[in-house]
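Comments concern the structure below.
The values are calculated or read from the model by the stated rules, or taken from the named source; none is laboratory data. Given the structure is predicted, the values throughout are model-derived calculations rather than measurements. Using ideal geometry, Cβ is built from the backbone for each residue, glycine included, and neighbour counts are taken over all protein chains shown.
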Amino acid sequence: MTSATMLPEVRFDERDQCYKADDALDVGELVSSMHVPLSATYQLTRECNLACAYCSEPPGIKTSTLEMHKMKIDKLAGMRRIILSGGEPMDYPHFWEVLEYVQGKFELIVLSTNATRIEADEAARLRELVHYVDVTVDGPRYQHQRIRGSYDAVIEGLMWLKLNKIPLSVICVYMPAEEMDPTNLLKRPRPTNRDVMHYIAQQGDMLGAVKVKILTPIPKGRSAGFFDEFATGPEIENLAEFLAAEKKKNGWKSRIVISDWMKIGQGHAWLIEPDGRVIASPVWDEPECYKPFGNLTTQTAAELWDAYPYKTEHLAKYLERTLIVR
Ligand code: SF4
């Protein structure tokens, strides 16, 4: 079975940058015809040139050789979308070879990067090799610097992507509103959450982003001790209504997509770690907020799909049925 034939009822909408299926189609029935995931996040390396305060995927896992990565990628045949990620994927020494290697193997090739490695030449190459790019900005300069650093390099990378007309998603993590540990990097003073989200929506519009994706944090990696409870319910609904009103008032064009984990449910994402271990994430019932369910080095993707406990959450999320969209 090829990538074009799995889930023929599901199509990728370039304008909205998401998978879609007729609303009348039941997710459970669609799942029953799948033999591999629709989409997976493939971590080339966990090394990164930044050290973000809340990083959920910090260093500490050894990566694979180029040949091992190629072998694992071949095993994902039939999957529709691969998201090359990390760590910082562009820091993997054979990044460009891998990017060339995945050409034609998947319907969509996506790069999730911090953008600091993107200048004119890289953007020109990426234009030919990726369908879109995901980049996180943590807010205006002060907020971003405290969380992530390298604000100017990130913005410059984003500008190169815009100049090269590469479709873009701008991502921001919505930090919880409650008071935090005073030793925490994110302690006040800082802009209010709404100020930051407003800024990100404006930046997304200025950069021509197809999507502005707002994520709430998960207790994983360095974020594990950042908050006691998920941001969910009325707090997130109110944020969505605020941004919808601001979008109308300001004429922003980007779609605003908000993830409320309590709506999405656990384990929607396949993360393929650099050594081949495959985990479902986020799984907050587990101590480290993820659930390992196999290894792509030793198993087939179909075997892993069989063992994967969150199939419905996976497809519902990628069809945006469990997301808040404005
Ligand atoms: S969040 Fe991304 S950019 Fe930041 S340290 Fe982690 S992998 Fe690197």
Checklist (1) modelled with pLDDT under 95; (2) part of a loop (DSSP other than H, G, I, E, B); (3) surrounded by fewer than 18 Cβ atoms within 10 Å (Cβ to Cβ) applied to M175, failing item: (3)
Restricting attention to the stretch 28-80, and to residues there that are basic (K, R) and either touching a Pro at 6+ places or on another chain (Cβ under 9 Å) or without any contact (Cβ under 8 Å) to a residue 24 or more places away in the chain (or both), which single residue is surrounded by the fewest Cβ atoms within 10 Å (Cβ to Cβ)? K62
I'd like the residue in the stretch 259-283 that is at pLDDT below 95 and not charged (D, E, K, R) and, out of all such residues, is farthest from A307 (Cα to Cα). S259
Is it the case that some residue within the stretch 36-43 is away from the ligand (no atom under 16 Å from the Cβ), among the β-branched types (V, I, T), in a loop (DSSP other than H, G, I, E, B) and under 30 Å from I256 (Cα atoms)? yes
In the stretch 7-53, the residues that are among the acidic types (D, E) and either touching a Lys or Arg at 6+ places or on another chain (Cβ under 9 Å) or at positive phi (or both): D13, D16, D23
